[in-house]
Amino acid sequence: MGHLFQQDAYGYANALLLKYNFISSPILWFENPKYMLGLVVVVALWTSVGTSFLSFIAGLQGIDRSLYEAAAMDGVRNRWQELWYVTLPSMKPQLMFGAVMSITGSFGAGAIVTALCGMPSTGYAAHTIVNHLEDYGAIRYEMGYASAIATVLFMIMIGTNKLVQKLLAKVGE
């Protein structure tokens, strides 16, 4: 992503926009609050794809094909029903793994923001709760407040994981 959104005319995005006269001067992508959050979201999504993707591929390859034949005998008639009654229930462990990894990984997005936009980001435009925690814990040394933030963050993670477990329990019903 460094070369794509480099902040001079040599960055791919700026070079393309300058070449076709969409802009007259290079855009400071990670210093302009207008673009900052969107780019951070794209980078965070890009970095989270790998592990879950491999898990899902392994899960799809591990589904017993006889389950589809048995489902057809039981009245499953189209691909959507196969997906809901056979594929997703067979992949519950991989779905749970992917959900937990994504939820816990999303709270690590503060490091991505710091790497791309600095600490603090311009106008706090890309400031996340993890950046807030880092600010109060590691910079201001207000450990009580930082501990409270970490505790609330931990409770949110547990609650989100419990919600995902309940939603996955309903798959295939």
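The values are calculated or read from the model by the stated rules, or taken from the named source; none is laboratory data. Computed from a predicted model, the values in this text were never measured in an experiment. As a convention, Cβ positions derive from the backbone with ideal geometry for all residues, glycine included, and neighbour counts pool all protein chains shown.
Values as computed for the structure displayed
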quantity	calculated
Every pair of residues 6+ apart whose Cβ atoms lie under 6 Å, when the first sits in segment 23-51 and is touching a residue at least 24 places away in the same chain (Cβ under 8 Å) and more than 12 Å from Leu116 (Cα to Cα) while the second is part of a helix (DSSP H, G or I) and aliphatic (A, V, I, L, M)	Thr51/Met101
Segment 110-162, residues that are β-branched (Val, Ile, Thr) and touching a residue at least 60 places away in the same chain (Cβ under 8 Å)	Ile112, Val113, Thr122
The listed residue being surrounded by fewer than 18 Cβ atoms within 10 Å (Cβ to Cβ) and under 23 Å from Thr47 (Cα atoms), out of Ile139, Ile156	Ile156
Where a residue in segment 56-77 is under 18 Å from Gln94 (Cα atoms) and its partner, wherever it lies, is surrounded by 10 or more Cβ atoms within 10 Å (Cβ to Cβ), with Cβ under 6 Å and at least six apart	Phe56/Gln94; Gly59/Met91; Gly59/Gln94; Ile63/Ser90; Leu67/Val86
Qualifying helices (runs of 4 or more DSSP H) (wholly inside segment 1-106; at least 3 residues being at pLDDT 85 or above, among the small types (Gly, Ala, Ser) and surrounded by fewer than 17 Cβ atoms within 10 Å (Cβ to Cβ))	66-73
Residue identified as hydrophobic (A, V, I, L, M, F, W, C) and touching a Pro at 6+ places or on another chain (Cβ under 9 Å) among Ala146, Ala126	Ala126
